[in-house]
1. Among residues belonging to region 573-615 that are in a loop (DSSP other than H, G, I, E, B) and without any contact (Cβ under 8 Å) to a residue 24 or more places away in the chain, point out the one that is surrounded by the most Cβ atoms within 10 Å (Cβ to Cβ).
2. Of all residues being loosely packed, with under 14 Cβ neighbours inside 10 Å and of a type outside the set (Asp, Glu) in region 199-210, which is farthest from the chain's Cα centre (by Cα)? Just the residue, please.
3. Across region 25-48, which residue is farthest from Leu83 (Cα to Cα) among those that are within 33 Å of the chain's Cα centre (by Cα) and hydrophobic (A, V, I, L, M, F, W, C)?
4. Run down Arg524, Arg574, Arg614 and say which single residue is modelled with pLDDT under 90, farther than 30 Å from Phe182 by Cβ and not hydrophobic (A, V, I, L, M, F, W, C).
5. Only one of (1) buried (at least 19 other Cβ atoms within 10 Å of the Cβ); (2) touching a Ser or Thr at 6+ places or on another chain (Cβ under 7 Å) is not met by Gly508, so which one is it?
6. Of all residues in region 553-571 being modelled with pLDDT under 95 and out of contact with any Ser or Thr (no Cβ under 7 Å at 6 or more places or on another chain), which is surrounded by the fewest Cβ atoms within 10 Å (Cβ to Cβ)?
7. Given (1) under 30 Å from Thr409 (Cβ atoms); (2) open to solvent by less than 10 Å² (accessible area, probe 1.4 Å); (3) of a type in the set (Ser, Thr, Tyr), where does Ser243 come up short, assuming only one miss?
8. When only residues in region 494-512 that are in a helix (DSSP H, G or I) and free of Cβ contacts under 8 Å to residues at least 60 places away in the same chain count, which is farthest from Leu64 (Cα to Cα)?
Amino acid sequence: MDPANTPEIASAVARVDEAAAKGLISAGGVANLKVWLTKPAYARYRKRLVEMVAAGKFAELDGLFWEVIPFGTGGRRGRMADLGSATINARTIAESAHGMADYLKEVKGKPGGRAVIAHDTRNRSVEFARITATTFAAHGLSVFLFDGYRSTPALSFAVRHLGCDIGVMITASHNPPSDNGFKAYWTSGAQVLPPHDQGIIECVAKAEEIPTVDFDQALRDGSIKLVGEEVDRAFTAAVVGQSLSDARDIRAVYTPLHGVGETSLYRSVLEAGFRQVEIFEPQRKPDGNFTNVPKQLPNPELPTALEPAVAYAKQTGADLVLASDPDADRLGVAVRSADGSFVDLIGNQVAALLVDFVLRKREKTGPLSPDHFVTTTLVSTPLFGAIGRKHGVTVVDDLLVGFKYIAQTMDARGADKFVFGAEESLGYLAGTYCRDKDASIAALYVLELAAELKHEGKTLLDGLDQLYGTFGYYLEGQRSHASQGAQGKEQIDAIMQAFRTSPPQTLGKVRIERVRDYRDQVIRSVPGGQKTGQLNTTKGDLLFLDSAAGPIQFSIAARPSGTEPKIKFYFFARTAPPANTSLGEIKTKTAAEMHDFQESLMAWVNGVLKGSSRS
């Protein structure tokens with residue numbers, strides 16, 4: 001008898017249907033749980049699932065099965081568990097690797113190829129990297145596996161350096177300790193893009209029995225090869241080779257937040273000749289629990305994550321604090337101000353400083369032309385584009401969220417003409433060595449710019465004020481609404497639908513004039529909803545609300561996250577360059593109106609959610 005047709009399984013399936021009729025488990029949870037209960041490929045999980053069903057643990061089961069965890073802007077990422085279609089576990093990692101290998105075979109028209117795999121310091125990252133390697137090897141791929149934890153940009157570099165067809169990074173970036181993920185890279189060293197992402201998903205969905213090999217035997221027969229120092233040396237040389245200044249007199253504290261950054265960022269800045277960059281010892285040790293990071297949240301976008309290193313920097317007289325996330329592709333920066341306190345810079349501010357620095361330096365080494373280009377995303381600061389246009393280069397600033405779109409633009413336009421790319425979430429890149437954001441190159445340029453400004457008696461804060469004096473004052477901010485499970489997705493969908501069909505007409509003192517909808521590729525009037533224009537960009541679930549003309553121009557972008565269960569709101573304000581008003585007064589007024597603008601938006605969102613819960 002098929003084990004799936006036993007009375008025990010039939011009884012469990014019947015109980016799942018009963019729970020669904022009572023609203024105890026979502027439709028997605030029912031469908032995915034039944035697959036795991038009945039299909040032979042999931043036989044090893046049946047005993048545990050039958051026990052959970054018998055115990056009536058339907059809320060827990062729904063959390064494990066409400067969806068098939070998707071590929072988003074950063075690949076597959078989520079909460080770790082022992083089982084479940086909606087979580088990161090041994091089965092979903094193996095499915096991901098199997099789907100990639102199957103899809104590569106379809107694209108090539110034959111088996112074989114080359115793959116490289118890296119992992120960060122998270123819990124279970126070594127396990128998941130080995131599962132990926134043994135799955136690839138079973139498909140006949142020649143596999144290169146890093147001999148220890150490495151950065152995401154080092155993996156991107158290695159895809160090209162080792163001549164691989166595909167690459168995988170096991171990481172959940174800056175997520176909490178509970179999470180892990182599978183970042184998929186294609187031949188260019190960039191994260192997978194359409195149609196490859198959908199092709200991989202379709203192959204994952206077909207996965208039944210997944211082939212594997214013994215890891216130790218694969219090492220002995222050479223189907224899996226360990227790599228390390230040779231690739232590290234080449235990567236470091238590529239980063240240091242992008243140096244734009246000889247200035248080195250700057251004191252900084254660097255924290256890897258218990259991640260991999262010492263292997264890439266810290267090694268690169270030391271190799272570049274910075275002798276006054278000290279690593280922050282309490283957060284140096286690789287630790288998947290991120291023990292010494294406040295709230296165990298290793299996200300350098302959060303000021304709290306930098307607080308311990310900032311406190312140390314105050315004691316030691318350092319000029320800067322630098323922090324990379326666990327896979328070292330993002331860089332956070334805090335700057336000592338005139339009164340000795342530290343100011344955290346947001347990603348948009350660092351992006352503006354660095355694109356200006358790189359363009360000024362590049363102009364001195366050779367002429368820049370309109371063929372040269374800088375790139376950023378739709379939700380990053382408009383100041384980035386204003387700086388680029390002033391320097392006479394092409395600005396590509398209408399990209400969807402995700403650094404893979406910057407990488408795609410590099411290859412489409414010609415990487416030899418690529419000058420600099422950035423996104424607001426602390427991601428930066430220059431050069432052609434990599435096709436993903438890299439905290440190493442960002443740290444190199446931040447240190448060089450800060451050292452040059454220090455020689456003039458200034459800081460990065462003064463550098464920002466110089467830009468504001470030329471281009472106007474730009475202020476950005478972020479809020480988000482987090483949701484969990486199937487009900488959370490319904491909430492996010494309700495918010496986005498309300499933005500499209502009945503957007504707010506005023507927020508605080510600001511009158512909303514139009515909606516730019518990048519899913520439908522149209523511009524609509526507010527109020528009225530009449531179509532007033534057409535967008536000609538890549539489609540994505542993103543929309544903007546823009547204010548009417550005024551002394552301060554406001555916009556909001558709304559976007560469901562591609563990697564986390566939440567909807568993000570990005571706020572933008574611009575005030576003209578100071579004339580009869582001081583920059584300080586402009587900053588104060590803009591900040592006050594921005595606060596009211598944000599609070600009004602979040603109140604509107606709460607109203608939408610209350611309305612949707614009653615319907």
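1. Looking at the filtered set, the residue picked out is Thr581.
2. So the residue we want is Lys206.
3. First pass over region 25-48, keeping only residues within 33 Å of the chain's Cα centre (by Cα): 25-36, 41-42, 45.
Next cut, hydrophobic (A, V, I, L, M, F, W, C) only: 25, 27, 30-31, 33, 35-36, 41.
Details: Ile25: 17, Ala27: 18, Val30: 15, Ala31: 15, Leu33: 11, Val35: 13, Trp36: 9, Ala41: 13 Å.
Residue satisfying both the conditions and the ranking: Ala27.
4. Arg614
5. (1)
6. That would be Ser561.
7. Among (1) under 30 Å from Thr409 (Cβ atoms); (2) open to solvent by less than 10 Å² (accessible area, probe 1.4 Å); (3) of a type in the set (Ser, Thr, Tyr), the lone unmet condition for Ser243 is (2).
8. Thr501
The values are calculated or read from the model by the stated rules, or taken from the named source; none is laboratory data. Nothing here was measured: the structure is a model prediction, and the numbers come from that model. Cβ coordinates were reconstructed from backbone atoms using ideal geometry, including for glycine residues, and neighbour counts include every protein chain displayed. Heavy atoms of the whole protein, side chains included, go into the accessibility calculation; ligands, DNA and RNA do not. Shrake-Rupley method; radii C 1.70, N 1.55, O 1.52, S 1.80 Å.
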